[in-house]
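Let me begin by presenting the structure, written as structure tokens, before commenting on it.
Throughout, read-outs are computed from the coordinates displayed, never taken from laboratory work. Everything quoted here is computed from the prediction, not taken from an experiment. Positions of Cβ are backbone-derived with ideal geometry, glycine not excepted, and every protein chain shown enters the neighbour counts.
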Amino acid sequence: EPEVTQTPSHQVTQMGQEVILRCVPISNHLYFYWYRQILGQKVEFLVSFYNNEISEKSEIFDDQFSVERPDGSNFTLKIRSTKLEDSAMYFCASRGQGNGELFFGEGSRLTVL
Amino acid sequence: GNSVTQMEGPVTLSEEAFLTINCTYTATGYPSLFWYVQYPGEGLQLLLKATKADDKGSNKGFEATYRKETTSFHLEKGSVQVSDSAVYFCALSGETSGSRLTFGEGTQLTVNP
């Protein structure tokens, strides 16, 4: 069964460092997303990406965040200068045509010290 | 904007008990509704969905009916098992193709033997 894969599963970084989280969406999907979940809290939308550009972003997704689809398979989330409050589980997701099911990866846990 | 409200948790039940987790939503138009489940240490998995009013989604003994008149999508299961222990998230997706998911707060379910 096709799946969304994410790397790394866990990353520990120092405050102020840059972090790149990687995702390989399902191959024929067109819409890509990043969500995050701070420990014990709601899953929050960060950004959606379609046709090689951001289609929607939340107020959380400020100038410190960026996304990229550098090749035909990867979808990355970059945090330029991490803060303590960026510590969370980051989920990548993808969706095919239409408005069907969103498939999530298993998440990348980011710990900022 | 769109929003989802779940019943306050956590919920603790004995095995074979009846489960209801309430979910209500606010949205314009005709959103699609989903229940996602997150088992300990894992990502989000789609449990069931309904895409139009009066549709009933079902999977693994869980059911939820899309009630437009009460803007609700309550999750039910007649007889829970220990293996159902997880966090359950109600979510909605707007009408537009590729719309993001908006999640509820999540409800922690613990089933004791």
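Packing here is the average count of other Cβ atoms within 10 Å per residue, and on that basis the peptides A:45-51, B:30-36, A:55-61, highest first, run B:30-36, A:45-51, A:55-61.
Can you tell me which of A:LEU102, A:LEU77, A:LEU21 moves the most in a GNM of chain A? Springs connect C-alpha atoms under 10 Å apart. Answer for the Gaussian network model of chain A: A:LEU102. In terms of its alpha-carbon gyration tensor, the stretch B:33-113 comes out oblate; a/c meets the 1.5 threshold, while b/c is at least as large as a/b. Just going by the charge dipole of chain A, with Lys and Arg at +1 and Asp and Glu at -1 on Cβ, which of A:PRO25, A:THR5, A:SER87 is farthest out on the positive end? Value: A:SER87. A Cβ-based charge dipole, computed about the Cα centre of the protein assembly as shown with Lys and Arg at +1 and Asp and Glu at -1, lands at about 180 debye. Counted by Cβ distance under 11 Å from A:LYS42, the other residues give a net charge of -1, where Lys and Arg count +1 and Asp and Glu count -1. Across peptide A:82-94, the average count of Cβ atoms from other chains found within 10 Å of a residue's Cβ is 1.
Most tightly packed first, judged by the mean number of other beta-carbon atoms within 10 Å of their residues, the peptides B:69-80, A:28-39 read A:28-39, B:69-80.
Taking every residue in B:99-109 and counting other chain Cβ atoms within 10 Å of its Cβ, the average works out to 5.
What does the net charge come to around B:PHE62 if you take all other residues with beta carbon closer than 14 Å to its beta carbon, with K and R at +1 and D and E at -1? Summing Lys and Arg as +1 and Asp and Glu as -1 gives +1. Counting Lys and Arg as +1 and Asp and Glu as -1 over every other residue whose Cβ lies under 12 Å from the Cβ of A:TYR33, the net charge comes to +2. Cross-link partners for B:LYS60 among the lysines, with Cα-Cα distance under 17 Å and sequence neighbours closer than 8 places in the same chain left out: B:LYS49, B:LYS77.
Inter-chain neighbour count for A:49-62: the average number of beta-carbon atoms from partner chains within 10 Å of each residue's beta-carbon is 1.
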